[in-house]
Amino acid sequence: MTERSHHAGFGIFGLICFICGILIFSEGVSASQSWTFNGETYEVNGIEMRILSLQTKFGDENAGSSENPEDPEKINAHDSADSRRIFQPGPGNDLTLELLGQILGFGSSDQFELKLRVLNPEGKMVYSISKKQEELAEDMRSGTQVSFQAVWDGKAKKGNAAGIPAGTYVPEGTYTVEAVLKCTLAVSGKKPGKVRKTIPLQVSSESSRSSEESQETAPGQEVERGLLYTGNLYIDYIAELMLKEAGLESSMDADTKVKLIYHYMTTHFHHMHSIKNAEILYDVKALRPEIVSFRKETDRKVKKGLIIYSNRYSSTLWHMVVRGGVCSDNAACYAVLLNHAGIEAGTCRGQYINMDGSRPGHSWNYAIIDGTKWYYDVDVEIQNYGKGQGDYYWYRKSRTEAEKTHAFSSES
C-alpha cells in the first residue's frame with residue numbers, strides 16, 4: 001500500500017513538472033522567435049506576414065486603358081507565361097520589379113523591411129534595393145497590403161557579389177528575382193523572421209548574336225539590327241499586318257515610313273474612351289496558326305540580335321485589335337508601329353494647351369529621323385481628320401513648334 005502511494009505521489013509530481021516544463025518551453029519559444037513556415041507565410045505571436053505576389057513588368061506595360069473587349073486570359077494566356085518574357089537591357093528598356101506583401105497584427109515598435117534582389121545564374125547578387133519601415137507606406141500600420149516597386153536598368157550595382165563592374169549591363173543568362181519580407185519583433189530584438197519568394201528572369205543581350213548571322217548575310221548586304229518588338233506575340237503580329245496595310249516597303253527611307261504610318265493611323269484608328277463595345281478588327285484566335293509560325297521566325301531573329309524584345313507598350317493589344325483608344329493608347333500604338341518599321345520612337349506625356357487656356361492631360365510621340373528628334377500628335381490628328389485642317393496638321397514638329405501647344409512633362 002505504501003509502495004503504491006509512493007508511486008502515485010511521484011506520478012502527480014512528475015505530471016506537474018511536465019506541465020511546468022511545457023509552459024517554460026513555450027515561453028522560451030516566444031522569446032527566441034521560432035517562426036512557423038507555411039508556404040509563403042510566416043506566423044508568430046499573433047503576427048502574420050506573407051508575400052502575396054512578385055512580378056516583373058517591362059517598360060510601359062501599365063500604360064493605356066485596362067479595358068478589354070473580352071477576357072484577355074482566353075486569348076493571351078499562352079503568351080503571358082512563355083519564353084518571350086525576355087529582358088534585354090538597353091537604353092530606354094527598364095524592368096520594374098514589384099512586390100506585394102501583407103503584415104497583420106504587428107506593433108508600432110516592431111521593425112520591418114522589404115527587399116528586392118536580382119541574382120545571377122550562380123546565385124550571386126547583381127542588384128539589390130530595400131525599404132525599411134520608416135520608408136514604407138503609412139497604410140502598412142492598418143494591416144493592409146503593401147506594394148514596393150523598383151525600376152532596374154539591367155546594370156550591375158556597385159559592390160555586387162558577382163564582381164561585375166558597376167554600371168555595366170549584366171551578361172545574358174537565367175537570373176532569379178528575389179523578394180524578401182523581414183520582421184524583427186520588439187519583444188526580443190533577436191533573429192528576424194523572413195518570408196521569401198522567387199521567380200525566374202531570362203536576360204538576353206544584343207551582343208549574343210551567333211556567328212551564324214554573318215554566314216547568312218551576303219557581303220555588302222544591309223541587315224536590319226535591333227528592331228524593337230513588344231514581345232507580345234499578338235501585338236507584334238498585328239503590327240506587321242498593319243505595316244503591310246499601310247503600304248510600307250523595306251526600301252523606303254525613314255521619313256517616308258513615318259509619314260505612311262502616320263496617315264494610316266489617322267485614317268484607320270479612332271479616338272474612343274471605351275473599347276468594350278468596339279468592333280474587333282483582328283480575330284487573334286483565328287490568326288493563331290499564323291502567329292505560331294510568326295513566333296518561330298521572330299525567336300530565331302531574337303537569338304541573332306536582329307530583334308530586341310523591349311516589352312514596352314505590351315498592354316496595347318486590345319487597342320491594336322479595335323484600332324483605337326484615348327490619346328495614350330493611340331500614341332503607344334503609333335510607337336509600336338514605328339519601332340517595328342525600324343524607327344526609334346517613343347511617347348511624350350504632359351498637357352495639351354487649348355485655345356481657351358485649359359490644359360488637359362495628353363500623350364503624343366517623338367521619332368528620331370537621321371539623328372533629329374521630331375514630334376507627332378497622331379491622336380489630335382485622328383480627332384480632327386476631315387475637318388478642314390489637312391491630313392498632316394500635327395505631323396513632324398520641332399521641339400519649339402511642339403511647345404506652342406504641348407506642355408512637356410516626360411518622354412519615354
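Residues in region 357-383 that are under 23 Å from Met272 (Cα atoms) and acidic (Asp, Glu): Asp377, Asp379, Glu381. Go through region 225-257 and count every residue that is under 27 Å from the mean Cα position of the chain (by Cα), under 20 Å from Asn365 (Cβ atoms), among the hydrophobic types (A, V, I, L, M, F, W, C) and outside any strand (DSSP E or B). Residues flagged as under 27 Å from the mean Cα position of the chain (by Cα), under 20 Å from Asn365 (Cβ atoms), among the hydrophobic types (A, V, I, L, M, F, W, C) and outside any strand (DSSP E or B) within region 225-257 amount to 5.
Of the residues that make up region 372-389, is at least one assigned to a helix (DSSP H, G or I) and at pLDDT below 90?
Taking every residue of region 372-389 in turn, at least one turns out to be assigned to a helix (DSSP H, G or I) and at pLDDT below 90.
Annotation for region 300-320: at least one member residue is over 29 Å from Thr372 (Cβ atoms), touching a residue at least 24 places away in the same chain (Cβ under 8 Å), assigned by TED's automatic domain parsing to the domain that holds Gln383 and charged (D, E, K, R). Take Tyr334 and tell me if it is in contact with a helix residue (DSSP H, G or I) (Cβ under 8 Å, 6 or more places away or on another chain) and assigned to a loop (DSSP other than H, G, I, E, B). When the stated conditions are applied, Tyr334 does not pass them.
What about Ser147, is it at pLDDT below 85 and closer than 30 Å to Val302 by Cα?
Details: at pLDDT below 85: yes; closer than 30 Å to Val302 by Cα: no.
Here the answer is no, as Ser147 does not meet what is asked.
Arg359 meets all of the listed conditions (1) in contact (Cβ under 8 Å) with a residue 60 or more places away in the chain; (2) over 18 Å from Lys257 (Cβ atoms) but one, namely (1). Looking at Ser409, Ser363, just one residue is within 26 Å of Tyr282 (Cα to Cα), part of a strand (DSSP E or B) and not acidic (Asp, Glu), and that residue is Ser363. Considering (1) over 24 Å from Gly342 (Cα atoms); (2) surrounded by 14 or more Cβ atoms within 10 Å (Cβ to Cβ); (3) modelled with pLDDT of 85 or more, the lone condition that Leu260 does not fulfil carries the number (1).
Every residue, every condition in (1) of a type in the set (D, E, K, R); (2) touching a Gly at 6+ places or on another chain (Cβ under 8 Å), yes or no:
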residue	(1), (2)
Glu279	yes, no
Tyr282	no, no
Phe294	no, no
Lys304	yes, no
Arg312	yes, yes
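Which residues, taken from region 293-326, are part of a helix (DSSP H, G or I) and under 19 Å from Met242 (Cα atoms)?
Passing the criteria: Ser293, Phe294, Arg295, Glu297, Thr298, Leu317, Trp318, His319, Met320, Val321, Val322.
Select from region 258-285 the residues that are of a type outside the set (A, V, I, L, M, F, W, C) and assigned to a loop (DSSP other than H, G, I, E, B) and write down the one among them that is nearest to Tyr385 (Cα to Cα). Ranking the candidates gives His273 first.
Exactly one residue out of Arg323, Arg349 is surrounded by fewer than 24 Cβ atoms within 10 Å (Cβ to Cβ), touching a Cys at 6+ places or on another chain (Cβ under 9 Å) and among the charged types (D, E, K, R): that is Arg323.
The values are calculated or read from the model by the stated rules, or taken from the named source; none is laboratory data. Just so it is clear, the structure is predicted and the values come from calculations on it, not from any experiment. A quick note on method: Cβ atoms are made from the backbone with ideal geometry, for glycine too, and the neighbour counts reach across all protein chains shown.
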